[in-house]
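Presented below is the structure to which this report refers.
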Amino acid sequence: QSMSDAVYRGLGEKTGISQIVADFLSVVTSDQRISAAFAETDMERLALMLTEQFCELSGGPCKYSGKDMTSAHQSMKISNAQFNALAEDLQIAMEKHQIASSVQNKLIAKLAPMQRHIVTR
Ligand code: HEM
C-alpha cells in the first residue's frame, strides 16, 4: 500500500472497479444523450477494457490492453456535450457505490485530459 494506489483502493480495487463499470454502462445505455452510440458495441469487451483502464489510471496493478483513445473514438464524431454526459454517468455510478468524493474527483481528473483525443466535433 502506498499513496500512489490510494485512488485504486478507494474505488474498491479490481472487484469494486468492475462493479462500478457494470453500473456505469447500464447508466450509459439508458442515457438518451449518448445511448445510441453504443447500439452496436460489444458491451462485454467494453466493460473489460474500462475496468483495465480505470484500474491502471487509479494506480492499480493492471495494464490497459485496448485501443488508444484516438483510435477507439475517431469515427464517432463525439461532442463535448456527449463527453460530459458520459463523465456525469460515471459519477452517478460511483455515487451509487458510495465512493468518496475525493476519490471520484481524482478518477474524473485522470479522464479529463482524454477529452482532446475523444471529442472530434
Ligand atoms: C473519458 C471519456 C471516455 C473514456 C475513458 C472512454 C474509454 C473507452 C474505452 C477504454 C474503450 C474500449 C476501446 C477498445 O475496445 O479497445 C471505448 C470504446 C468506446 N467508446 Fe469510449 N470512452 C470515453 C468517452 C466516450 C464517449 C463520450 C462516447 C460516446 C458518447 C464513447 C463511445 C464509445 C464506443 C461506442 C466504444 C466502442 C467502440 C467499438 O465498438 O469498437 N466513449 N471507450
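The values are calculated or read from the model by the stated rules, or taken from the named source; none is laboratory data. No experiment lies behind these values; they were computed from the predicted model shown. Here the Cβ positions follow ideal geometry from the backbone for every residue, glycine too, while neighbour counts run over all protein chains shown.
Hey, any hits in segment 65-81 for a residue that's more than 24 Å from Thr120 (Cβ to Cβ) and among the small types (Gly, Ala, Ser)? For segment 65-81, residues more than 24 Å from Thr120 (Cβ to Cβ) and among the small types (Gly, Ala, Ser): absent.
Just the residues that are over 26 Å from Thr70 (Cα atoms) and basic (Lys, Arg), please, taken from segment 89-121. Listed by number, the list holds a single entry, Lys96. Scanning segment 38-50 for residues that are within 30 Å of Gln1 (Cα to Cα) and within 9 Å of the ligand (Cβ to nearest atom) returns Arg45, Leu46, Leu48, Met49, Leu50.
Just to check your reading of the model, which residue among Leu90, Leu86, Leu107 is out of contact with any Gly (no Cβ under 8 Å at 6 or more places or on another chain), touching a residue at least 12 places away in the same chain (Cβ under 8 Å) and within 7 Å of the ligand (Cβ to nearest atom)?
None of the others qualify; the one that does is Leu86.
Of the residues Ser58, Ser26, Ser102, Ser35, which is within 11 Å of the ligand (Cβ to nearest atom) and at pLDDT 95 or above?
Answer to the selection: Ser35.
In segment 35-54, the residues that are without any contact (Cβ under 8 Å) to a residue 24 or more places away in the chain reach residues that are aliphatic (A, V, I, L, M) and near the ligand (Cβ under 6 Å from one of its atoms) with C-beta atoms within less than 8 angstrom, at least six apart or across chains, in these pairs: Phe38/Leu46. Where helices (runs of 4 or more DSSP H) fall entirely within segment 1-104, those with at least 1 residues that are of a type in the set (Phe, Trp, Tyr) and surrounded by 16 or more Cβ atoms within 10 Å (Cβ to Cβ) are at 6-10, 13-29, 43-57, 80-96.
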